[in-house]
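J.: The structure follows.
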Amino acid sequence: MANVTLRNVRKTYTGGFEAIKGVNVDVADGQFCVLVGPSGCGKSTLLRMVAGLETVTGGEIDIGGRVVNQIEPADRDIAMVFQNYALYPHMSVYNNMAYGLRNRGMAEAEIKTRVAEAARVLELSAMLERKPRQLSGGQRQRVAMGRAIVRQPKVFLFDEPLSNLDAKLRIAMRVEIRKLQRRLNTTSIYVTHDQLEAMTLADVLVVMNGGQVEQVGNPLAIYEKPATTFVASFIGAPPMNLMSTRPDEIKSQLGGSATEADIVGIRPEDFVITDQAPAGGVALPLTVEAIERVGAETFVYGSREQEDQRVAATPGELPPGEIIVRIPGTDAPAIGQKIRVAAVRPKLHLFSADGRTRIEA
Amino acid sequence: MVEDEGIRRYVAHFILWIGIAIVAFPVYIAIIASTQDNALIANGQMSLLPGGHFFEVYYQTIFVGTSGSTREPVGNMMLNSLVMALAIAIGKIAISIISAYAIVYFRFPFRMSIFWIIFITLMLPVEVRIYPTYKIVADLHMLDSYAGLSLPLIASATATLLFRQFFMTVPDELLEASRIDGAGPLRFFWDTLLPLSRTNMAALFVILFILGWNQYLWPLLITTRDDMQTIQVGIRKMITTTDALTEWPIVMATAVLAMLPPVFVVVVMQKLFVRGLVETEK
């Protein structure tokens, strides 16, 4: 059992590329920490630095009160689950799990007990003699987990462990991982690009972008009070609608201290289709352009009269001027219809012009 | 349409059988000739059916040898060839898998230069560097020895490249998982890389064993003692006789015996060999 502390951790490659630009994270003992961010944000690099697979070029990594910068991966008392599982293809399931223990000179009897226990927990007992190629994806995933569990390490590291599974299995395994971690109460660091996985698994959520930490905190707190426009659009699906307040249409509605805000963000689920304008809130006229019915809820894609007022927070987002509204049920307006949507004041997220500062008002 | 299919199939089979006959006939002749009486062959009256001297001829070949030209039982020649071929095949695999491991998994100064030097030796087979190699072997007093027969042929750029290519397809995560599991470089090599290379090694062994077995020029040069002759050199010596009749049944029996070990290696290794070529699973 241990806490993990990253103090101003940096990674600069020999070519001069700075992959990690000074990260500070504190994971308390037994907590489940999720690193989330788009591809190339440095989250995997950071995890591999904690594992000892990448050198640390600045700052300190502290596991259980010991700075491990110069310590070999095997001696850091960590276990890692890889994205492609990295099972030894020529070894049986039993040997895959026992290998790390044997290398540490553990007695065979103790190894047997530990592997049997892990296999029981992961429902692998019937396939201990099989080779990895005879297993399904989900079973391989569980063997990889088993290999980590038997070590009884201080810290589990997960590098996108579910991304090779199909959607249904991914959800099932997600729940499994969370239950297992709760029961073992082992400090865990988990890397994913899937914000849903991040939200559901994390005790502490670390949102990363461009080698830096954008926001750290409880997932719901981050959802409710994103610190930057990047976090606002990354956490939550469909993403938050971000609009410039510059046209008087919005600014005049906001009034008061909120006038210094240049960007206003509203989550699709916070809009209501109504003709009334709530005091201090925002009301917008929309033309319905597309409808997506998914059963329990419906997504309405609408365009505002004025183009280009929506702030594109990250590339590949909705075109400017497009607004997503999420309404419960299947009762939706027709395509081409003109509607008015509104959001009340507490549901507004206000940001400075560069999107780096949240404004509370 | 269906009848057409049938005729076509017979024609195809017929053509294939002709091909097989063309390839197999010389082998058949060798086997037949090795059971005939020498005088009959010398007269040009060799029958295409097996003669009655099978045991006699093979006994003489293996344990006595020809009466004139080689003075050495073929059994001993086969032993020499076998030792040489095994030493070359195993030595080549051992050396090249280790050097490939160094080149792929370690960062050391001049790593790429060393790789290219190994690569360039592809252009220097024994035939090209035969004089300097002979000089070195002679200076080391390795003439007429198994070491002299095999050592100079052991270094292999081809096998090194093959293993290098294979190692590069092994996912990095396996190495990383091994590191986290507390396996050092030697353990990773022994516990993970070697087992994964098994099929490659088997495929390579087949090729290299036959290569070693068929060596002619090098053994001819460095062996002068009769008891160090290899079988390939022996066959050639048996045929060229200056003042006596070539003992054809013995020559043919030797040829047949020379074919057996490679055939054995190919048949036994076939399964592993094919798997080595088709296995993509990592």
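J.: Going by a ≥ b ≥ c, the root eigenvalues of the Cα gyration tensor, does chain B fall in the rounded group (a/c under 1.5), the prolate group (a/b larger than b/c) or the oblate group?
T.: oblate
J.: Around A:T5, under 14 Å between beta carbons, what's the net of Lys plus Arg minus Asp minus Glu among the other residues?
T.: 0
J.: Now, a different point. Would you mind working out the accessible area per residue for chain B, using a 1.4 Å probe, and quoting it in Å²?
T.: 56
J.: Another question, then. So how tilted is helix A:108-121 from the main axis of chain A? Cα-based, degrees 0 to 90, rounded to 10.
T.: 30
J.: Just the projected area, averaged over all directions, of the convex hull on the alpha carbon atoms of the protein assembly as shown: how many nm²?
T.: 45.8
J.: Over the stretch A:153-257, what is the relative contact order in whole percent, taking alpha-carbon pairs under 8 Å and six or more residues apart?
T.: Across the stretch A:153-257, relative contact order equals 18 percent.
J.: A follow-up question, please. For A:R183, what is the net charge nearby, where nearby means another residue's Cβ is under 14 Å from its Cβ and Lys, Arg count +1, Asp, Glu -1?
T.: Taking every Cβ under 14 Å from that of A:R183, the sum is +2.
J.: Which is the longest run of chain A containing none of the chymotrypsin sites (Phe, Trp or Tyr not before Pro) found in DSSP loop states (not H, G, I, E, B) with at most 15 other C-beta atoms within 10 Å?
T.: Here the longest segment lacking exposed loop sites spans A:18-361.
J.: Carbon and sulfur atoms: what percent of the 1.4 Å accessible area of the stretch A:122-216 do they account for?
T.: Accessible surface attributable to carbon and sulfur in the stretch A:122-216 totals 47 percent.
J.: With just the Cα atoms defining each centre, how far is the stretch B:198-227 from the stretch A:202-225? Give it in Å.
T.: 65
J.: I'd like the interface area for chains B and A: accessible area of each alone minus the complex, both sides summed, 1.4 Å probe, protein heavy atoms only. What is it in Å² to the nearest 100?
T.: 1800
J.: Let me ask you something else. Based on the Cα coordinates of the stretch A:1-130, what is the per residue volume of their convex hull in Å³?
T.: 148
J.: If you don't mind, another one. Farthest toward the dipole's positive end in the protein assembly as shown, which of A:G321, A:P238, A:A107, given Cβ charges of +1 (Lys, Arg) and -1 (Asp, Glu) about the Cα centre?
T.: Going by the Cα projections, it comes out as A:A107.
J.: Under the definition of partner shielding as Cβ atoms of other protein chains within 10 Å of a residue Cβ, what is the mean value for peptide A:81-91?
T.: The shielding value for this peptide is 5.
J.: In addition: For chain A, which span is the longest to avoid every loop-located (per DSSP) member of GluC sites (Glu not before Pro) having at most 12 other Cβ atoms inside 10 Å?
T.: For GluC sites (Glu not before Pro) (loop position, at most 12 other Cβ atoms within 10 Å), the longest site-free span of chain A is A:130-306.
J.: Then there is this: Give me the percent of accessible area attributable to carbon and sulfur for the stretch B:74-278, probe 1.4 angstrom.
T.: Carbon with sulfur: 73 percent of the solvent-accessible area.
J.: While we're looking at this one, here's another question. Which value, in Å², gives the accessible area per residue of the stretch A:140-199 when a 1.4 Å probe is used on the protein heavy atoms?
T.: 39
J.: Shape call for the stretch A:150-295 from the C-alpha gyration tensor, a ≥ b ≥ c root eigenvalues: rounded (a/c under 1.5), prolate (a/b greater than b/c) or oblate?
T.: In terms of gyration-tensor shape, prolate.
J.: I need the shape label for the stretch B:207-274. Rule: rounded when a/c is under 1.5, else prolate if a/b > b/c, else oblate, with a, b, c from the alpha carbon gyration tensor.
T.: Note, shape of the stretch B:207-274 comes out oblate.
J.: Let me ask something else. As a test of the definition: which semi-axes, in Å, follow for the stretch B:154-201 when you take the square root of five times each eigenvalue of its alpha carbon gyration tensor? Largest first, please.
T.: With the √(5λ) rule applied to the stretch B:154-201, the semi-axes are 22, 11, 9 Å.
J.: Next up: Tell me the angle of helix A:167-184 to the major Cα principal axis of chain A, expressed in degrees between 0 and 90 and rounded to the nearest ten.
T.: Rounded to the nearest ten degrees, it is 60.
J.: For the stretch A:25-74, list whatever residues lose no less than 30 Å² of accessible surface once every protein chain is in place, relative to that chain by itself, with the probe at 1.4 Å.
T.: In the stretch A:25-74, residues shielded by partner chains: A:L53, A:P73, A:A74.
J.: Hey, can you find the accessible area per residue of the stretch A:47-138 for me, probe 1.4 Å, expressed in square angstrom?
T.: 43
J.: Let me ask something additional. Using only the Cα atoms, work out Rg/Rh for chain A, with Rh taken as the Kirkwood radius, to two decimals.
T.: Radius of gyration relative to Kirkwood radius: 1.06.
J.: How many percent of DSSP beta bridges within the stretch A:4-229 run antiparallel, rounded to 5?
T.: Approximately 50 percent, going by the DSSP bridge assignments.
J.: Angle between the Cα long axis of helix A:93-103 and the longest principal axis of chain A, 0 to 90 degrees, nearest 10?
T.: So the helix axis and the longest Cα principal axis differ by about 70 degrees.
J.: Would you mind computing Rg(Cα) / (2.2 N^0.38 Å) for the stretch B:135-244, counting N as its residues?
T.: Working it through for the stretch B:135-244, the quotient is 1.57.
The values are calculated or read from the model by the stated rules, or taken from the named source; none is laboratory data. Quantities reported herein were computed from a predicted structural model and do not represent experimental measurements. Using ideal geometry, Cβ is built from the backbone for each residue, glycine included, and neighbour counts are taken over all protein chains shown. Keep in mind that these areas ignore ligands, DNA and RNA; they rest on the heavy atoms of the full protein, side chains included. Shrake-Rupley method; radii C 1.70, N 1.55, O 1.52, S 1.80 Å.
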